[in-house]
Amino acid sequence: MKGVEGMSYNLNNADGVVNVSQQVIEVIAGVAVKETEGIAFTQDDSKLQEKQMVKLVKVEDVGGEITVSLAVHIKYGMSIIKTAGKVQERIVQDMENMLAFPPKAVDVRVIGLLKG
């Protein structure tokens, strides 16, 4: 990756340079959370709109590479380590598939448990 321009990133891959907005990366991460079983941003993500969802994902440029950070709730009774690991893998896979550029790191902070 080469530098940050405002709220977008220039991603260098085998095919050249692609300029991607920060919001695109936030949406990719948000959709990964919504589609991973047993994990959510809030107690009731069904009421969470896309604008609110992307505010819960933090994207940073760290030494020329992207780091994605998010705070989530995990369903009571599920393995915290396995569930957080699944969403990390999903975000990396989705970014690689859609942008041809995986993040350097995906930091998941568990802030609560989901009921039932």
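The values are calculated or read from the model by the stated rules, or taken from the named source; none is laboratory data. Predicted model, so just to flag it, every value in this text is computed and none were measured. Here the Cβ positions follow ideal geometry from the backbone for every residue, glycine too, while neighbour counts run over all protein chains shown. Side chains included, ligands, DNA and RNA excluded: accessible areas come from the protein's heavy atoms. Shrake-Rupley method; radii C 1.70, N 1.55, O 1.52, S 1.80 Å.
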Practice prompt. Considering each residue of the range 48-66, count those that are within 13 Å of R109 (Cα to Cα) and either open to solvent by less than 30 Å² (accessible area, probe 1.4 Å) or among the aromatic types (F, W, Y) (or both), and give that number.
Written response: 1
Worksheet, complete the sentence: Taking first residues from the range 94-110 that are more than 14 Å from G30 (Cβ to Cβ) and second residues anywhere that are among the charged types (D, E, K, R), the pairs with Cβ under 7 Å that are 6 or more apart or on different chains are A100/D15; P102/E96; K104/E65
Practice prompt. May I ask you to verify whether V106 is more than 14 Å from T36 (Cα to Cα), buried (at least 18 other Cβ atoms within 10 Å of the Cβ) and at pLDDT 95 or above?
Written response: yes
Worksheet item: Do you know which of the residues in the range 91-116 that are of a type in the set (D, E, K, R) and touching a strand residue (DSSP E or B) at 6+ places or on another chain (Cβ under 9 Å) is nearest to D15 (Cα to Cα)?
Response: K104
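For every residue, the table says whether it meets (1) outside any helix (DSSP H, G or I); (2) open to solvent by less than 70 Å² (accessible area, probe 1.4 Å); (3) over 20 Å from K104 (Cβ atoms); (4) modelled with pLDDT of 95 or more.
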site: V24; (1), (2), (3), (4): no, yes, no, no
site: S46; (1), (2), (3), (4): no, no, yes, no
site: V68; (1), (2), (3), (4): yes, yes, no, yes
site: M78; (1), (2), (3), (4): yes, yes, yes, yes
site: V87; (1), (2), (3), (4): no, yes, no, yes
